[in-house]
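The next block holds one structure in the form of structure tokens; read it before the comments.
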Amino acid sequence: MSNLDSVYSKLTIKTGAKLALVVLDGLGDIATAAQGNMTPLEAAKTPNLDALVRSGCAQGRMIPVAPGITPGSGPGHLALFGYDPIEFEVGRGVIETLGLGVELKAGDVAARANFCTLDAAGLVTDRRASRIPTEVCERLCGILSAKLKKLGATEVIIIPGKEHRFVVVFRGAGLEGPLTDTDPNREGLAIAEAKPVDAQNAGQKKVAKLVADFYKAALPLLANERPANGFLMRGIAHQPNIPTFEQRYQLKAAALAVYPMYKGLAQLVGMTKVEGPSTIAEQFERYVADHDQHDFFFIHYKYTDKAGEDGNFKAKVKAIEDFDAALPILLARKPDVLVITGDHSTPVAAKGHSWHPQPVLLHSALCGSDKLERFTETGANQGSLGIFEAKYLIRLMQANARMFDKFGA
């Protein structure tokens, strides 16, 4: 525990307040001429968000990791949960595997994988294989699982996720992560070689060979498939030891997320996964039903990020409008402290995550009013929260819930 965390811990008071963190994945964007010099938040019709802002909110922008660093979803969410993403570096494979309900054992190394499309030269032409349907992913994982149960003495576990995503777990003696990704992160390049982060680490070197052997055996099994005739692996790592959310904040937390990645992130820090809801309206309805059972709710909405990654401005606008239409369900049982934000920015122009600070809105009885009309990047630039590191967001939520005693005389 850092000195600052120790100070926060000593000041913390349990108050019974209800806090909610609502994350529109990849919400942040940038205005470009091609988009009429507007961001999707600015272009969207959001009457319910607008009314919330006018009722009195504080706004600002958050740096997810550090200036200029583009975060993955793991670091982005860990920062939102108050964990310094530099100090608590977690492999995406671990997060995704936990989210799929697979219990990792000591020594397991997990990787998050995407089915992809390869051309005749072995170059990646589509990193997501046209986002194949989940049932196709399940069929392909079945083909791989049937033939690749073991590599030597190491057990191989293959679990399908949603659409093009799946996980691979290597279970055996002497294994350790992390390794570099095989995902080249752009089209037109070959599948990269997974390498030890520490060239002298015997466990990492053993896993690097296992990954190479896995590719050698698996790619021929997919050679005749279209569009998913290859795969990319990311976040190849073992599970770290992380203090729980309740230990850090004295808040009993629950997670309402649909995609395994975000369920895994929540489980990693000890949140209770609430299964069942599949739409944002259902997630909000479950929040209302479970309101009294938890102190803190993390509610995740994926579709803003998907539209940004697809470079689809209209789809991102619609995703925001769909979210806004469901918002009254949540507001009917308004938490004492409500935050609406993103885990990072996914600009339509970039077709991927970026380093741009994401906008954040905070509502509570004590937040004050920035006297703004809407929740947008432009408005957030003017807000009283200013620009701050995302790892401090939970502390601001606790402060607005009056969970901190006075520091010093």
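Please treat every number below as a calculation from the coordinates, not as lab data. This structure is a prediction, so every number in the text was calculated from the model and none was measured. Note that we place each Cβ from the backbone using ideal geometry, even for glycine, and neighbour counts take in every protein chain shown.
Numbers for the structure displayed
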| quantity | calculated |
| --- | --- |
| Neighbour cut-off at most 16 other Cβ (10 Å), DSSP loop, GluC sites (Glu not before Pro), the range 298-389 | Glu373 |
| Modelled FRET efficiency - R0 45 Å, Leu366 with Ala153, Cβ distances, 0.05 increments | 0.15 |
| Calculated from backbone phi, Karplus (6.51, -1.76, 1.60) coupling profile of the range 226-241 in Hz, x at Gly/Pro | 9, x, 9, 10, x, 7, 10, 10, 9, x, 7, 7, 9, 7, x, 9 |
| Lysine pair count for the range 95-237 [Cα-Cα under 22 Å; pairs on different chains or 8 or more apart] | 25 |
| Over 32 Å between alpha carbons, listed pairs Lys14/Lys45; Lys316/Lys391; Lys10/Lys371 | Lys14/Lys45; Lys10/Lys371 |
| Distant-in-sequence amide H partners of Gly386 (H built 1.01 Å from N, under 5 Å) | Arg61 |
| Glu193-Asp310 FRET efficiency (beta carbon distance; Förster radius 25 Å; 0.05 resolution) | 0.30 |
| Among Ala349, Gln382, Ala401 the positive-end extreme of the charge dipole of the chain (Cβ point charges) | Ala401 |
| Radius of gyration and maximum dimension Dmax of the range 95-237, Cα, Å | 14.1, 41 |
| Hz values of 3J(HN,Hα) by residue in the range 7-17 - Karplus curve (6.51, -1.76, 1.60), Gly and Pro given as x | 5, 4, 4, 5, 8, 5, 10, 7, 10, x, 5 |
| Separation of alpha-carbon centers, the range 6-22 and the range 263-301, rounded to whole Å | 19 Å |
| Estimated dipole of the range 95-237 in Debye, rounded to 20 [Cβ of Lys and Arg +1, of Asp and Glu -1, Cα centre] | 180 debye |
| Near-label residues of the range 383-409 by backbone N, under 15 Å of a point 7 Å along Cα→Cβ of Ser55 | none |
| Angle in degrees between helix 202-222 and the longest Cα principal axis of the chain, rounded to the nearest 10 | 70 degrees |
| Computed magnitude of the charge dipole of the range 1-66 (debye, nearest 20; Cβ of K, R +1, Cβ of D, E -1) | 340 debye |
| Eligible aspartates and glutamates near Lys18 by straight Cα distance, threshold 15 Å, same-chain separation 8 or greater | Glu246, Asp290, Asp292, Asp295, Asp336 |
| Two-decimal Rg/Rh across the chain, once Rg and the Kirkwood Rh are taken from alpha-carbon atoms | 0.98 |
| Pairwise FRET efficiency - Thr180 versus Ala66, Cβ, R0 = 25 Å, nearest 0.05 | 0.75 |
| Per residue convex hull volume, Cα atoms of the range 275-409, in Å³ | 141 Å³ |
| Share antiparallel - DSSP beta bridges, the chain, percent rounded to 5 | 65 percent |
| Order of Asp198, Asp405 under a 10 Å beta carbon neighbour criterion, fewest first | Asp405, Asp198 |
| For the range 152-167, 3J(HN,Hα) per residue [Karplus equation, 6.51 cos²θ - 1.76 cosθ + 1.60, θ = phi - 60°, Hz, x = Gly/Pro] | x, 8, 9, 6, 10, 10, 10, 10, x, x, 8, 6, 8, 9, 7, 10 |
| Nearest-20 debye value, the chain charge dipole, Cβ charges on Lys, Arg, Asp, Glu | 400 debye |
